[in-house]
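Only one structure is covered here, and it is reproduced in the block below.
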Amino acid sequence: MMFNSLGRLAAGLGAGVALALSASAPVLALDAVSSSGAMVVNVNECFPDEAGGQICVDAHEVIDIVATPSGKAVYIDNGSATVSYYDASGNPTGAYQSRGRSQSVFDRASDAFQVDHTAYNVTETAADGTTCTRTLQYHFANGQIEFYRPGGTCPPPEP
């Protein structure tokens, strides 16, 4: 079923094309943290798929990492993405749209996150026009997960 294939893609992409990939950015980029401005990532490309069709990605993400005088890094990530699938004849076979936000505070002295909050919404559309949604709200603070709220109408992704 289209939703299960898209669900696996959604799990890989997260809230935006780069949102999941940038989840490790606070740790990787701490030595290069500055207050000089946000990094903006835009992707608008199509790629051939294994069946002779195309996968087109239109994504926008803004990542801002700011160092504080107290030795913390505040990481804010806002992104949106649309991934469209086309068969070999150019007919649409499905789509994935996501919008998300992540905000974290990383303490360099303890080498640990103090706060991590993520929220995203995903809409998946099959070739027949059937749609479903996925949502997630997650909050970590004081060394523990304070809430993890998945929701939506899509069937669970296949293992």
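The values are calculated or read from the model by the stated rules, or taken from the named source; none is laboratory data. Computed from a predicted structure; not experimentally measured. A quick note on method: Cβ atoms are made from the backbone with ideal geometry, for glycine too, and the neighbour counts reach across all protein chains shown.
Please verify whether region 95-104 includes one or more residues that are under 20 Å from V41 (Cβ atoms) and of a type in the set (F, W, Y). Within region 95-104, one or more residues are under 20 Å from V41 (Cβ atoms) and of a type in the set (F, W, Y). For region 104-127, filtered to residues that are aliphatic (A, V, I, L, M) and outside any strand (DSSP E or B), the residue that is modelled with the lowest pLDDT is A127.
State whether the residues of region 46-61 include one that is over 30 Å from T93 (Cα atoms), out of contact with any His (no Cβ under 6 Å at 6 or more places or on another chain) and not in a strand (DSSP E or B). Within region 46-61 (the criterion being over 30 Å from T93 (Cα atoms), out of contact with any His (no Cβ under 6 Å at 6 or more places or on another chain) and not in a strand (DSSP E or B)), the answer is no, since none of the residues qualifies. Taking the criterion of being closer than 22 Å to Y138 by Cα and among the small types (G, A, S), the residues of region 49-103 that qualify are A73, G79, S80, A81, S98, G100, S102.
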